[in-house]
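Single-structure report; data block below.
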């Protein structure tokens, strides 16, 4: 895994790690059963506090995206997200709301916004 942390980002480091792992799964670069680097390995590679990695892994485990096995490490979960359909809808709609607010604030043409959304969705094999 080649995670790159942006120290100037407004997103906390642990969230950047979460985002990266989710993106790799969505892009089919990580698959169910794939082993992730240990907390210590990734902390050394990124030169950050191991607690930051542990926090990201714990969050992903709570979501059902990762599973940890004592003594073996963290793996991409076989079962996928544990969120119910209403919870999934709430999370995605909140993200879409933020994207729409930004588009309106930046005065993005609605047709461009729609086109950008569709082209982004295609990156993840979503037929919209």
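In table form, for the structure just shown:
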{"item": "Any hit, region 79-97, residues being surrounded by 12 or more Cβ atoms within 10 Å (Cβ to Cβ), part of a loop (DSSP other than H, G, I, E, B), touching a strand residue (DSSP E or B) at 6+ places or on another chain (Cβ under 7 Å) and at pLDDT below 95", "result": "no"}
{"item": "Residue within region 98-119 that is surrounded by fewer than 10 Cβ atoms within 10 Å (Cβ to Cβ) and in contact with a strand residue (DSSP E or B) (Cβ under 8 Å, 6 or more places away or on another chain) present", "result": "no"}
{"item": "Counted residues, region 16-26 - those being out of contact with any strand residue (DSSP E or B) (no Cβ under 7 Å at 6 or more places or on another chain) and within 15 Å of residue 80 (Cα to Cα)", "result": "6"}
{"item": "Sole exception among (1) exposed (fewer than 12 other Cβ atoms within 10 Å of the Cβ); (2) in a loop (DSSP other than H, G, I, E, B); (3) within 19 Å of the chain's Cα centre (by Cα); (4) at pLDDT below 90 for residue 71, by number", "result": "(3)"}
{"item": "Members of region 12-60 found to be assigned to a loop (DSSP other than H, G, I, E, B) and under 25 Å from residue 125 (Cβ atoms), listed by number", "result": "27, 28, 29, 30, 31, 32, 33, 34, 36"}
{"item": "Flag for residue 113 being touching a helix residue (DSSP H, G or I) at 6+ places or on another chain (Cβ under 6 Å) and modelled with pLDDT of 95 or more", "result": "yes"}
{"item": "Per-region count, region 38-55, residues crowded, with 17+ Cβ neighbours inside 10 Å and either touching a strand residue (DSSP E or B) at 6+ places or on another chain (Cβ under 9 Å) or modelled with pLDDT under 90 (or both)", "result": "1"}
{"item": "Top-ranked residue in region 1-18 [being modelled with pLDDT of 95 or more and under 22 Å from residue 78 (Cβ atoms); ranked as surrounded by the fewest Cβ atoms within 10 Å (Cβ to Cβ)]", "result": "18"}
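The values are calculated or read from the model by the stated rules, or taken from the named source; none is laboratory data. In this text the structure is predicted, and so the values were computed from the model without any measurement. Heads up, the Cβs are rebuilt from the backbone with ideal geometry, glycines too, and the neighbour counts pull from every protein chain shown.
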